[in-house]
1. Considering only residues of the stretch 219-270 that are within 21 Å of G207 (Cβ to Cβ), part of a loop (DSSP other than H, G, I, E, B) and open to solvent by 50 Å² or more (accessible area, probe 1.4 Å), which is modelled with the lowest pLDDT?
2. Exactly one condition in (1) on the phi > 0 side of the Ramachandran plot; (2) in contact with a Phe, Trp or Tyr (Cβ under 7 Å, 6 or more places away or on another chain) is false for G188; which is it?
3. Of all residues being open to solvent by less than 60 Å² (accessible area, probe 1.4 Å), assigned to a loop (DSSP other than H, G, I, E, B) and more than 15 Å from S96 (Cα to Cα) in the stretch 25-45, which is modelled with the lowest pLDDT? Just the residue, please.
4. Name, by its number, the condition in (1) closer than 26 Å to Q66 by Cα; (2) in contact with a helix residue (DSSP H, G or I) (Cβ under 9 Å, 6 or more places away or on another chain) that does not hold for N132.
5. Between residues in the stretch 140-154 that are closer than 17 Å to S185 by Cβ and touching a residue at least 12 places away in the same chain (Cβ under 8 Å) and residues that are among the polar types (S, T, N, Q) and open to solvent by 20 Å² or more (accessible area, probe 1.4 Å), which pairs lie under 7 Å by C-beta distance while being six or more apart or on different chains?
6. Looking only at the stretch 62-87, which residues are under 19 Å from L142 (Cβ atoms) and of a type in the set (K, R)?
7. Can you tell me how many residues within the stretch 170-192 are at pLDDT 90 or above and charged (D, E, K, R)?
8. Collect the residues in the stretch 49-74 that are among the hydrophobic types (A, V, I, L, M, F, W, C) and either farther than 22 Å from N206 by Cβ or part of a strand (DSSP E or B) (or both), keeping them in residue-number order.
Amino acid sequence: MRKTTLLAAAALLGSPGLTLAQNTPDENNPNVDAPFVRNIRADRPGQTITAQVLRPGRFQLETGFQRQFGGVGLAQSLSAATLRIGFFNSMELRVSQPYFHNSPARVAEAGRVDSSGWAPVMVGAKFMLSPNYDTRTQVAILVESAVPGTGSPGLRGTTWGPGGRLLVSEQLGERFGLEANFGFSQRGLTTKDIEKGQFLGTLALNGPLSEKAGFFVEAYGYGRQALTTGTTAGMYFRPIPAMRLDITAGQAMSGLAAGTSTIGAGLTFKVGK
């Protein structure tokens, strides 16, 4: 009788139900292998930043070039790079810095100032509010700021320029996704800076065209008293799972930047899970 009881207990401990209970949260998540959460996702192109937070130990470098022309301003070329680092406690650290290739010089009290060159360094962090990394609805908060004293003369600031966004992502099916951003940013820390701060709202749809290629479309609006609205569209290609190439075009529809067009291209690659 004792031998039979021991055999029965061993069989129960080895049953599929109890084995499942010992699995990790990822193994129990039916969405863990969905292409939308497994394929490389970038915080570029366009105005929309993804709600995805990188897993601990993962690095992702996102680089791009954009040409802006038309509208009321002179043509401008811009390069930018962002390094994203997955950290513990569902947090992602990030640092970025744009470079303006050409811009008209202006005369200041101290003499001629060339406004081309490096823009201020931006540092920030994403904080995941979702229950896990692979949930169909992902929510995160992004906080970031320009660092005073960084960048080329004529572009650097003397004070912190904080900003924040609520990032929301909703998976549609296995591969498509909607991304939305709601944010506010300002140049400085005073009450006057808050009164001149800019609101931002975006909505983007992305999805596959094939196993390695996909599309991206976006609508956005930013400003305060005068709202600037526009659209961005593009395609991306993943030659290997850890690399993504994209090309984009955009148009400002209303506001101070009305009539401005953009074209651009970028490269993203990751290291780690």
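1. Among residues in the stretch 219-270 that are within 21 Å of G207 (Cβ to Cβ), part of a loop (DSSP other than H, G, I, E, B) and open to solvent by 50 Å² or more (accessible area, probe 1.4 Å), the one modelled with the lowest pLDDT is P241.
2. (2)
3. By that ranking, first place goes to N29.
4. (1)
5. Pairs that qualify, where the first residue is closer than 17 Å to S185 by Cβ and touching a residue at least 12 places away in the same chain (Cβ under 8 Å) and the partner is among the polar types (S, T, N, Q) and open to solvent by 20 Å² or more (accessible area, probe 1.4 Å), are P148/T158; P148/T159.
6. R84
7. Final tally of qualifying residues: 2.
8. Applying the first criterion (among the hydrophobic types (A, V, I, L, M, F, W, C)) to the stretch 49-74 yields 49, 51, 53-54, 59, 61, 65, 69, 72, 74.
Across the stretch 49-74, the qualifying residues are F59, L61, F65, F69, V72, L74.
The values are calculated or read from the model by the stated rules, or taken from the named source; none is laboratory data. This structure is a prediction, so every number in the text was calculated from the model and none was measured. Positions of Cβ are backbone-derived with ideal geometry, glycine not excepted, and every protein chain shown enters the neighbour counts. Please note that ligands, DNA and RNA were not included when accessible areas were found on the heavy atoms of the full protein model with its side chains. Shrake-Rupley method; radii C 1.70, N 1.55, O 1.52, S 1.80 Å.
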